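Data block below; observations after.
The values are calculated or read from the model by the stated rules, or taken from the named source; none is laboratory data. Fair warning: this is a prediction, and the values are worked out from it, not measured in the lab. Neighbour counts run over all protein chains shown; Cβ positions are idealised from the backbone, glycine included.
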Amino acid sequence: MDFGNFDLRDFRVVVSGIRAVTNAEVRICPTKIDFNAIAAVEMGYPAFVRIYISSDASKMIVIPCNKGEKHAIPFYMEQLSKKTGAVLKNAPIHIRDVGLARGIRQKMKWTTGTYRCSALRFDEKPDTLFFDLSTADNSKRKRSKVGNVLDSYPPIDVLMEDMQPIALLPAPEPIILTDPLAVGKSKINKEVIEVAYCERD
């Protein structure tokens, strides 16, 4: 096998840390927004979060924050079983904001049913959840499917488009002198190198 067997157009560029594994999920219900318990785990059980929504409602970002910060929304709180008093580990988190839920559904032109969307996480922001709501669906499923990280790497031709060609100047030709002190017919060629000297005070 030689270099000609590798067609670089078929390759993708590996970007370290571009994606982190996640099973977090958001559910956009008709009158509320729910996050599964795994979302709280992956975010470090934040008591408050700040939620960002894109203008077209197709993207959502959830970032942990402190109670005193502006626009902080209550998020994780331990829920206890009424029967045993034990902490419910798999209890979903409810954001009971009718306006937010309906606003997203209207922008996305969703009708009936609950729409589910798996999260995205990145190593640069491990405690932040990103949601591409354009990929949400209202089919019933028991568990979110995590995509193959190799599919998220950019093709090599995309990388090449970002590179600007650089014209390399040819190396200067060395100056060759013949040594007049050469003995007989033989000649000694010497390359002249200019050196700048500085006088000391």
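Some points to look at:
- The residues in region 81-97 that are hydrophobic (A, V, I, L, M, F, W, C) and surrounded by fewer than 12 Cβ atoms within 10 Å (Cβ to Cβ) can be counted, and the count is 2.
- Residue match in region 41-53 (condition: more than 18 Å from GLU25 (Cα to Cα) and not aliphatic (A, V, I, L, M)): no
- Applying a threshold of 6 Å to beta carbon distances and a minimum spacing of six or more residues, or different chains, the list of pairs starting in region 44-63 at a residue that is closer than 17 Å to PRO74 by Cα and ending at one that is of a type in the set (S, T, N, Q) and modelled with pLDDT under 95 reads ILE63/THR128.
- Answer residue from region 23-36, given it is within 24 Å of the chain's Cα centre (by Cα) and more than 15 Å from ILE73 (Cβ to Cβ) and is surrounded by the most Cβ atoms within 10 Å (Cβ to Cβ) among those: ILE28
- Residue match in region 37-56 (condition: hydrophobic (A, V, I, L, M, F, W, C), more than 25 Å from the chain's Cα centre (by Cα) and surrounded by fewer than 16 Cβ atoms within 10 Å (Cβ to Cβ)): no
- Identity of the residue in region 109-126, surrounded by fewer than 16 Cβ atoms within 10 Å (Cβ to Cβ) and within 22 Å of ILE63 (Cα to Cα), that ends up nearest to the chain's Cα centre (by Cα): PHE122
- Counted residues, region 109-128 - those being of a type in the set (Val, Ile, Thr) and in a strand (DSSP E or B): 1
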